[in-house]
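Asks: Have a look at the structure that comes next, please.
The values are calculated or read from the model by the stated rules, or taken from the named source; none is laboratory data. Quantities reported herein were computed from a predicted structural model and do not represent experimental measurements. Heads up, the Cβs are rebuilt from the backbone with ideal geometry, glycines too, and the neighbour counts pull from every protein chain shown.
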RNA sequence: GCUCCCGUCGUCCAGCGGCCUAGGAUCCCACCCUUUCAAGGUGGUGACGCGGGUUCGAAUCCCGUCGGGAGUACCA
């Protein structure tokens, strides 16, 4: 867990990240646990708990001459960079020991003033590095274009380059797989790996601070894989709503974790046979880093939604009922249509509703659009639907006829359908002219789950009560007689 | 500015010199089905950034160009 930046890595943000990973279904064999402990033989696994190791390594690196101290203040550095960028003496802002190391006098003066300075790693002044990336192939940089990184801040804390390089080796990391944004940081990482392995520097440091010894067979990580960035539909990187925050957001919106896993795997990759619908076993069996694409992928919520709807339709009704519950009891939203936990009758109602809504949902949170008529005592009629449907000629008659026929039908979907189907002929109008007014009366809206099923689910009493209550509204809405 | 990366339908992928008058998915449109909304079915619009090469033949190889992205922190 990379929490070397104390200002960003709060207890809360770390917890939220682990929760998000667990929800989406990513587990780990070795690493931190929720309760603050660790699991695995090469811990601790929070970088904030490994500071003694980093400091020990830094001392040894310093003693070996691989580093130098930089006493410049942030202001001095910023001014220098500004000058360089503007073309000051022609070069880009590359920090190299050759031009940056303090003279003996300057060093003495700064130290006398009490400055500690930060610790920079000396990178080669010339020559080049080539790293092999599983996704991008060979990439080469000239060392002259690479700045000497700060590996220890003036307050003594380790920075990401040091901490990660140490942990790569100390914890036996075999594959470094991360975003493309970290590609340019790779040269200094391999440089550090080499230094840490030289003369057993890391092993000695590990022993000195009492951390678990490395397995002797570990060398440097076998491979790097820099994955393409995921960007928004506007091609800008997913900054504002990224990371754990948006994962929790997807959860609230009712995306299934298995949908997210499937969709995310397809960003930058596709199985050989081109199938898009993959379960975990498929992905584990077929995923191949070498087949990952190299260009940034835009996150398309429409496509995600389509996938999600497909998976919702495949859930069995009992499972869907369970998954819907947190969207109805106020866990994820402000609307609480169910008690917590739901009563037996509430659960039965949701269970009965599931077959009616399953094929018309893309996200679980859409249940709040369908459920109210079935879970609420006092039905409110949607004004737009009233205006659109009740004003039509024949609406009150259709409702009256339904009221007349409903008390005596056998209470089944089929019988209800048969009874209502008989009405158009009797009234001399089309079936739509009957169904719509009845729909609005019973469900409160001109858009609802299938009518006969809805009536059946609501029950004879509730359906009749709603029809009777709506009748005067429909009569009122009729255009004045000429 | 400098360094590195990338460039096939709006979007995600397939394509690895001829099977491509470029395929699938999503989106959009039309039609069918239909009690509303969906779901489902059928069909359709839509792309190799540009310019040079190499080759009998290029989306596929090479060069250039343009465009996009990332990095350029005592953040990670």
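Asks: When only residues in the range A:128-160 that are within 7 Å of RNA strand B (Cβ to nearest atom) and either within 30 Å of the chain's Cα centre (by Cα) or outside the structural domain of residue A:214 (by TED's automatic domain parsing) (or both) count, which is surrounded by the fewest Cβ atoms within 10 Å (Cβ to Cβ)? Please lay out each step first, then the result.
Replies: Within the range A:128-160, the subset within 7 Å of RNA strand B (Cβ to nearest atom) is A:136-137, A:139-142, A:145, A:147, A:150, A:153-155, A:159-160.
Add one more test, that the residue is either within 30 Å of the chain's Cα centre (by Cα) or outside the structural domain of residue A:214 (by TED's automatic domain parsing) (or both), and what stays is A:136-137, A:159-160.
Values: A:136: 17, A:137: 9, A:159: 18, A:160: 17.
For the range A:128-160, the residue satisfying everything is A:137.
Asks: Let me ask something else about it. Does any residue of the range A:15-26 turn out to be part of a loop (DSSP other than H, G, I, E, B) and more than 27 Å from residue A:250 (Cβ to Cβ)?
Replies: no
Asks: With (1) out of contact with any strand residue (DSSP E or B) (no Cβ under 9 Å at 6 or more places or on another chain); (2) outside any helix (DSSP H, G or I); (3) within 20 Å of residue A:12 (Cβ to Cβ) as the list, and residue A:45 as the residue in question, which single condition is left unmet?
Replies: The number of the failed condition is (1).
Asks: Which residue pairs have Cβ atoms closer than 9 Å, lie 6 or more positions apart in sequence or on different chains, and pair a first residue in the range A:406-430 that is touching a residue at least 12 places away in the same chain (Cβ under 8 Å) and over 18 Å from residue A:460 (Cβ atoms) with a second residue that is within 11 Å of RNA strand B (Cβ to nearest atom) and in a helix (DSSP H, G or I)?
Replies: Once the first residue is touching a residue at least 12 places away in the same chain (Cβ under 8 Å) and over 18 Å from residue A:460 (Cβ atoms) and sits in the range A:406-430, its partners that are within 11 Å of RNA strand B (Cβ to nearest atom) and in a helix (DSSP H, G or I) give A:427/A:433; A:427/A:434.
Asks: Another question, then. Can you spot a residue in the range A:409-418 that is surrounded by fewer than 19 Cβ atoms within 10 Å (Cβ to Cβ) and under 13 Å from residue A:437 (Cα atoms)?
Replies: Within the range A:409-418, none of the residues are surrounded by fewer than 19 Cβ atoms within 10 Å (Cβ to Cβ) and under 13 Å from residue A:437 (Cα atoms).
Asks: Check whether at least one residue in the range A:350-373 is touching a residue at least 40 places away in the same chain (Cβ under 8 Å), crowded, with 19+ Cβ neighbours inside 10 Å, in contact with a helix residue (DSSP H, G or I) (Cβ under 8 Å, 6 or more places away or on another chain) and more than 20 Å from residue A:255 (Cβ to Cβ), and report yes or no.
Replies: yes
Asks: Looking at this structure, is residue A:122 surrounded by fewer than 15 Cβ atoms within 10 Å (Cβ to Cβ), away from RNA strand B (no atom under 11 Å from the Cβ) and either more than 19 Å from residue A:64 (Cα to Cα) or in the same structural domain as residue A:72 (by TED's automatic domain parsing) (or both)?
Replies: Considered against the rule, which asks whether it is surrounded by fewer than 15 Cβ atoms within 10 Å (Cβ to Cβ), away from RNA strand B (no atom under 11 Å from the Cβ) and either more than 19 Å from residue A:64 (Cα to Cα) or in the same structural domain as residue A:72 (by TED's automatic domain parsing) (or both), residue A:122 comes out as no.
Asks: With the condition kept exactly as written, say whether any residue in the range A:440-448 is without any contact (Cβ under 8 Å) to a residue 40 or more places away in the chain and within 13 Å of RNA strand B (Cβ to nearest atom).
Replies: no
Asks: Is there a residue being closer than 30 Å to residue A:184 by Cα and either more than 12 Å from the chain's Cα centre (by Cα) or surrounded by 14 or more Cβ atoms within 10 Å (Cβ to Cβ) (or both) anywhere in the range A:250-261?
Replies: So far as the range A:250-261 goes, yes, one or more of its residues are closer than 30 Å to residue A:184 by Cα and either more than 12 Å from the chain's Cα centre (by Cα) or surrounded by 14 or more Cβ atoms within 10 Å (Cβ to Cβ) (or both).
Asks: Oh, and also: Give the residues of the range A:6-37 that are closer than 17 Å to residue A:50 by Cα, in contact (Cβ under 8 Å) with a residue 12 or more places away in the chain and surrounded by fewer than 11 Cβ atoms within 10 Å (Cβ to Cβ), sorted by residue number.
Replies: A:6
Asks: Does residue A:251 fit the bill of being near RNA strand B (Cβ under 9 Å from one of its atoms), out of contact with any strand residue (DSSP E or B) (no Cβ under 6 Å at 6 or more places or on another chain) and touching a residue at least 60 places away in the same chain (Cβ under 8 Å)?
Replies: no
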